Amino acid sequence: MKIAVVGKGGSGKTTTAAVLARVLARQGRRTLALDCDSNPNLGISLGLGEEITERLIAVRDAVIAGEEQHAASADEVVQRFGADALDGVRLAVVSAIEHPHPGCPCCGISPEQLLRELVMEEGVVVADFEAGLGTVMRLAGCPVDVVVVVVEPTAKSLEVGRRAADLVAETSLGRLVLVANRVRDKDDVARITAVFADLEPVLVPDDEAIVEAERNGLAPLDAAPDSAAVRALVGLAEGLSVAVPG
Amino acid sequence: MCLGIPARVVEPVDTDQQTVLVDNRGHVQRVSAALLLTDSHTVPQPGDWVVVHLGFVLSRMDDAEARSVLASLDDLPAEGWSIVGDLPGGTKQPFMTWGRYAETFLVVVEPTAASILTGRRLARLTGMEGAPRVGLVVNRVREADDAERVAHRTGLPLLGSVPFDPAVATADRRGVAILDHDPTGPTPEAVSSLVESLRAEVESK
C-alpha cells in the first residue's frame with residue numbers, strides 16, 4: 001500500500017504521516033516512512049529524537065559534499081539514508097538535494113519517482129511530501145493507493161486543499177482522504193464542509209497535547225496517546241488498514 | 001513573493017521521466033518538465049532558457065528576455081524601498097535562488113523541536129556570499145524563556161518575538177490580515193517593535 005500525504009505548509013502533514021506510519025506498523029505491516037521534505041523533520045514526529053533526525057540529514061549532506069558515495073538503488077537509499085524508528089517503522093530521508101546526478105537513484109530522481117519505483121507488495125509506504133501542489137502534479141501518471149490531503153480550517157489552507165483534491169480526482173491519483181486538523185468548534189466544521197461538501201473529512205480537534213509534544217520534541221503518539229487529536233489520527237490509520245488490505 | 005527564475009538547460013529533456021537538468025547561475029538542479037511537455041513543440045534544447053518555478057519548468061524564454069529578467073533582479077531598488085519576500089517554508093529557497101538578492105534574512109522559528117532544527121540549518125545563511133544580515137524572530141511564544149531558549153539553540157541573534165495569539169488563528173480562518181482583524185492586538189504590536197529593531201539595526205551600520 002502506498003500512501004501519499006500532501007497539503008499546505010503547517011497544516012499538520014508530518015504529524016499525520018508519523019501517526020499513520022506507526023499505527024500501520026503496529027498492525028504488523030512492514031512500514032516505510034519516506035521524508036520527502038527538503039527540510040526533513042519526520043524523524044522528530046516519529047519519536048526518533050533530534051539527534052538521529054539530524055544525523056540522517058548529515059548523511060544526505062555528506063553526499064552533496066562529495067564525502068559519501070551515492071546510493072546505487074532505491075533499496076540502498078532506504079538503507080543508507082534511513083534509521084529504524086519505533087514500532088518497526090523504517091524511516092528514510094529522500095528529499096531533493098542540490099546538485100543532483102542525473103538519473104542517480106539517490107538524488108537524480110524526484111521523491112515522487114522514487115515512490116513510483118518502490119515495490120511494496122505486502123508492505124506499506126507513507127510518504128510525507130513537500131508542502132504545496134507540486135507533488136500532486138509530479139505524481140500524475142503514477143497512482144498510489146491513498147492520497148491524504150491535510151488541511152486546517154484557514155481560508156488559505158482550505159483553498160490549497162481544494163485544489164489538491166481536485167487534481168487528485170482529475171488525475172485519478174488514488175483514493176482521496178481528507179484530514180482536517182486543528183478543528184476548534186462548529187464554525188470550523190462549517191468552514192470545512194462548505195469547501196468539501198463532496199467529502200467526509202476526518203476531523204482532528206485542536207489539541208494542546210500536540211503543541212506540548214512538539215515543543216518537547218516527542219512523538220504525539222508517545223507523549224499524548226489518549227489525546228483527542230491522536231485518537232482521531234489513529235482511527236484514520238485503522239480505517240485505512242481495513243480498507244486496503246495487504 | 002514567488003517568481004519564476006530564468007535558468008539554462010544543461011542536458012536534453014528526459015522525455016521518459018519528464019525532467020530536465022538546468023543551470024541557474026551555477027546552481028544545477030533537476031526540475032520537472034511535465035508542464036512544458038504537454039505541448040511537444042516546445043521541448044527546449046541544451047543552451048535554451050526556461051522559466052523555473054519551484055521545481056517546474058513553466059515555459060521557454062528567449063535569450064534577450066532571460067538576460068533582461070536577470071538584470072532587473074540585480075537592479076531591484078535597495079534605496080528608499082522596503083522589499084519583503086515571503087519565501088516558501090523550509091530551507092531550500094533561501095540558499096538557492098533568492099539568497100543573493102536579500103540583504104536581511106528574518107528566520108522565523110517557533111519553540112518546537114522541528115522548528116528549532118530548521119532554524120539551526122538556516123543559521124548557515126550567515127556564511128553565505130555577501131554576508132547577509134540574519135536575525136531570529138521567535139513566533140508563538142508561550143513561556144517566558146521561549147525566545148531566549150530558541151536563540152541559544154539556533155545560535156541566531158534574537159531580533160524580536162511574537163507571543164502565541166489566538167486572534168491570528170481567527171484571522172486566518174476568516175481569510176483576513178491580522179493587521180485588519182486586530183490592529184492593536186499583541187501580534188501587530190510585537191511586529192511593530194520588530195520593525196523598529198530592524199530599522200535601528202540597519203541604521204547603525
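The values are calculated or read from the model by the stated rules, or taken from the named source; none is laboratory data. Note that the coordinates shown come from a computational prediction; the quantities given were computed from them, not determined experimentally. Note: ideal-geometry Cβ built from the backbone for every residue, glycine included; neighbour counts use all protein chains shown.
Which residues, counting only those in region B:96-122, are within 8 Å of another protein chain (Cβ to nearest Cβ) and at pLDDT below 70?
Answer for region B:96-122, where residues must be within 8 Å of another protein chain (Cβ to nearest Cβ) and at pLDDT below 70: just B:M96.
When you go through (1) part of a helix (DSSP H, G or I); (2) away from chain B (no Cβ under 14 Å); (3) of a type in the set (G, A, S); (4) farther than 19 Å from A:T14 by Cα one by one for A:A194, which number turns out not to apply?
Of the numbered conditions (1) part of a helix (DSSP H, G or I); (2) away from chain B (no Cβ under 14 Å); (3) of a type in the set (G, A, S); (4) farther than 19 Å from A:T14 by Cα, the odd one out for A:A194 is (2).
For region B:13-56, what are the residues that are more than 18 Å from A:G103 (Cα to Cα) and not in a loop (DSSP other than H, G, I, E, B)?
Across region B:13-56, the qualifying residues are B:N24, B:S40, B:H41, B:T42, B:W49, B:V50, B:V51, B:V52, B:H53.
Could you say whether any residue in region A:97-119 is surrounded by fewer than 21 Cβ atoms within 10 Å (Cβ to Cβ) and away from chain B (no Cβ under 14 Å)?
Checked against the condition, which is being surrounded by fewer than 21 Cβ atoms within 10 Å (Cβ to Cβ) and away from chain B (no Cβ under 14 Å), region A:97-119 yields at least one hit.
Restricting to region A:27-78, give me the number of residues that are within 14 Å of chain B (Cβ to nearest Cβ) and in a strand (DSSP E or B).
1
Considering only region A:159-174, state which residues are outside any loop (DSSP other than H, G, I, E, B), more than 9 Å from chain B (Cβ to nearest Cβ) and out of contact with any helix residue (DSSP H, G or I) (no Cβ under 7 Å at 6 or more places or on another chain).
A:V160, A:G161, A:R163, A:A165, A:D166, A:A169, A:E170
If A:R138 passes every condition in (1) more than 26 Å from B:Q29 (Cα to Cα); (2) modelled with pLDDT under 85; (3) basic (K, R) but one, which one does it miss?
(1)
Which one is farthest from the other protein chains (Cβ to nearest Cβ) among residues in region B:170-196 that are buried (at least 17 other Cβ atoms within 10 Å of the Cβ) and among the small types (G, A, S)?
It comes out as B:A190.
Kindly provide the set of residues from region A:58-94 that are under 17 Å from the mean Cα position of the chain (by Cα) and β-branched (V, I, T), ordered by number.
Passing the criteria: A:V78, A:V89, A:V93, A:V94.
Being out of contact with any strand residue (DSSP E or B) (no Cβ under 8 Å at 6 or more places or on another chain), in contact (Cβ under 8 Å) with a residue 60 or more places away in the chain and charged (D, E, K, R) is the requirement here; does A:E50 meet it?
Working: out of contact with any strand residue (DSSP E or B) (no Cβ under 8 Å at 6 or more places or on another chain): yes; in contact (Cβ under 8 Å) with a residue 60 or more places away in the chain: yes; charged (D, E, K, R): yes.
Considered against the rule, which asks whether it is out of contact with any strand residue (DSSP E or B) (no Cβ under 8 Å at 6 or more places or on another chain), in contact (Cβ under 8 Å) with a residue 60 or more places away in the chain and charged (D, E, K, R), A:E50 comes out as yes.
Of everything in region A:121-158, what is in contact with a strand residue (DSSP E or B) (Cβ under 9 Å, 6 or more places away or on another chain), farther than 24 Å from A:V234 by Cα and not in a loop (DSSP other than H, G, I, E, B)? Give them in sequence order.
Residues satisfying the conditions are A:G132, A:G134, A:T135, A:V136, A:M137, A:R138, A:L139.
Collect the residues in region A:202-244 that are under 17 Å from the mean Cα position of the chain (by Cα), away from every other protein chain (no Cβ under 14 Å) and touching a residue at least 40 places away in the same chain (Cβ under 8 Å), keeping them in residue-number order.
Hits for region A:202-244 are A:V204, A:L221, A:A229, A:V230, A:L233, A:V234, A:L236, A:A237, A:E238, A:L240, A:S241.
Being of a type outside the set (D, E, K, R) and closer than 12 Å to B:G90 by Cα is the filter here, so list the residues in region B:113-136 that pass it. If you could, list the steps in order and put the result at the bottom.
Of region B:113-136, the ones of a type outside the set (D, E, K, R) are B:113-119, B:122-123, B:125-128, B:130-132, B:134-136.
Hits for region B:113-136 are B:A114, B:S115, B:I116, B:L117, B:T118, B:G119, B:L122.
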